[in-house]
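Accompanying notes for the structure given below.
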């Protein structure tokens, strides 16, 4: 599954580390394996070798969107045995498939079907929360309010789902280029993303304009009171919710980089 996930990133997400160097692809596979192994150790999951193999087949070559590049398990619909309202570290522990997590231990919830009222992104795979209800993500040409309304590979441009310009030199009348192709719009034309050096000042607003080197992220330098490219923070390192800099797929939970939040008394 790690191989399938990272090859998909390499083919579809030009800004991901896996697409930018052999070292990045190797590290992607290692971290994805670590995620799988850590997930298997969580209590009350139904993860099996057969289930992971099925997930690998599902994501191999599939256009799932770069927003899912950190956690391939999220798109495979795994469910556990914990009832709604019980503590959880991941949705794979929950019978409803969803885990609402803030900065610490989460709470099991249902992944909502099409048509259900939603106040969070916990709609079933293939759906998104649109105007307060879970709905199928839309095809090119459909009206939209946000890019999450559209199918992967499309952006909401001018309230219409459409494929952004995706080749260097393409005109960009809407001032948008395909960020997954490592392009951004400059003076009406798509140009290649600039890669800055380690320690350089970086802009967190969009990684398409200036990308930190492979293995680094735009992080807050508290001493310099600025943002700069620095190596990913390892698991267990201190972090903040703003530009945490944790190495994917880790996130910042309780001010520490971790694959999952800690649930006291409920692993």
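Computed from the coordinates by the stated procedures, all read-outs in this text should not be read as laboratory data. This one's a predicted model, so the numbers in the text were calculated from it and none came from an experiment. Cβ coordinates were reconstructed from backbone atoms using ideal geometry, including for glycine residues, and neighbour counts include every protein chain displayed.
Structure summary
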| item | result |
| --- | --- |
| The chain: C-alpha pair distances exceeding 26 Å, % | 47 percent |
| For the chain, built as a Gaussian network whose Cα springs stay under 10 Å, the top-fluctuating residue of 227, 193, 48 | 48 |
| Rough spin-label spacing in nm, given labels placed 7 Å along Cα→Cβ, for residue 168 and residue 148 | 3.4 nm |
| Highest-fluctuation residue, 122, 241, 154 considered, GNM on the chain with Cα pairs under 10 Å | 241 |
| Nearest-0.05 FRET efficiency for residue 29 and residue 83, computed from C-beta distance (R0 35 Å) | 0.50 |
| Relative contact order [Cα under 8 Å, 6+ residues apart], the chain, whole percent | 13 percent |
| Per residue, the convex hull volume that the Cα atoms of the stretch 142-267 enclose (Å³) | 142 Å³ |
| Mean separation of Cα contacts under 8 Å (6+ apart) over length of the stretch 1-69, as relative contact order % | 46 percent |
| Kirkwood Rh in Å, taken over all unlike Cα pairs in the stretch 70-109 | 9.7 Å |
| Relative frequency of Cα-Cα separations exceeding 18 Å in the stretch 1-69, percent | 38 percent |
